[in-house]
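Every number here is computed from the coordinates shown, using simple stated rules; none is lab data. Model, not experiment: these values are computed from the prediction. Heads up, the Cβs are rebuilt from the backbone with ideal geometry, glycines too, and the neighbour counts pull from every protein chain shown.
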Amino acid sequence: MGLARTISFGLSKNHAGVNLEAWPALLSSGVSAALGSPVVTALADDYDALINQVLAGAVDVAWLPPLLHARAAEQGARLVALPQRGGWLTFRSALLVRKDDPIDGPANLRGARVAWRDRASASGYLFPRIELAALGATPDKAFSSEKFYGSVVDAAQAVASGAADLCTCWVSDPAARDRDRAMVEIEKALGPELAGKLRVLHVTDPIPPDGLVVAAQVQEAERSAIATALLALHTTPQGQKALQTVFQAERLAPVNDALLRSLKTWAEAAAARGA
């Protein structure tokens, strides 16, 4: 099934947790084992840089947050796989505060200094910000400041150090009903020491899935081979390790037309709300 060339896989530093340095090798090894061809990892500084690489054809496949893979699809990229976590394709965002912060709910965030990740991040900005407004903490009125830190670790460190009051971290859908599981997942993203300084204030409603897209410039035969390899990652030891460490998922799931329509509707609604 191998291809006649090396495939480039695009990632963003803003998608990574505390173990970023291990991601490129794990992902290259896992995808290469499933594809039967060499894979190199291209690490972009942020989501804007990553989607620009996808649209320019500088990478063949990339992992993008939901709003960006919807935008990429509008310009010819193909969404081919979605991370499945705990049996779910959706995921959540946990709102975190310092352990000693007396705040007891998201509606009482007036004056808070918020440490966001990236404007294009569904769990690190877009979705929690929309939900907070619905819960009565309208950002423009409630927050004293909003700052973008890039990575989930840097945002969490700002809260732990007292430079900010609120940050977020992605968690699986089942973690919304199990705070112990949520903290285990947060520890994987932040590391035990940093996670131990924070507590979960709130977990958002489900967020549409992040996804793997193949650039428009990739020929159909190669696109099919890449999609098949991604969907088979869970069948090899290298792929399983990449799934667990990079995506915090048990497998990558296929995309169907109904899901594509749902994602398009969500993206349009998010854009209408000022995303």
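The table below gives the values:
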quantity	calculated
Set of aspartates and glutamates with alpha-carbon distance to K13 below 12 Å, sequence-local pairs under 8 removed	E21, D45, D46, D48, D118, D154
Under 22 Å, Cα to Cα: Lys pairs in segment 91-203, sequence gap 8 or more or different chains	5
Reachable aspartates and glutamates from K264, criterion Cα separation under 16 angstrom, eight or more residues apart if same chain	E74, D210
Fewest-first ranking of R261, R179, R92, using other Cβ atoms within 10 Å as the exposure measure	R261, R179, R92
Computed helical MRE - 222 nm, the chain, DSSP H runs ≥ 4 contributing -39500 (n - 2.57), nearest 500	-11000 deg cm²/dmol
Full-stretch length increase - S262, A133 - with 0.36 nm per residue and alpha-carbon distance subtracted	44.1 nm
Choice from A137, A221, A25 showing the highest fluctuation, given a GNM over the chain with Cα pairs closer than 10 Å	A221
Among beta bridges that DSSP assigns inside the chain, antiparallel share in %, nearest 5	60
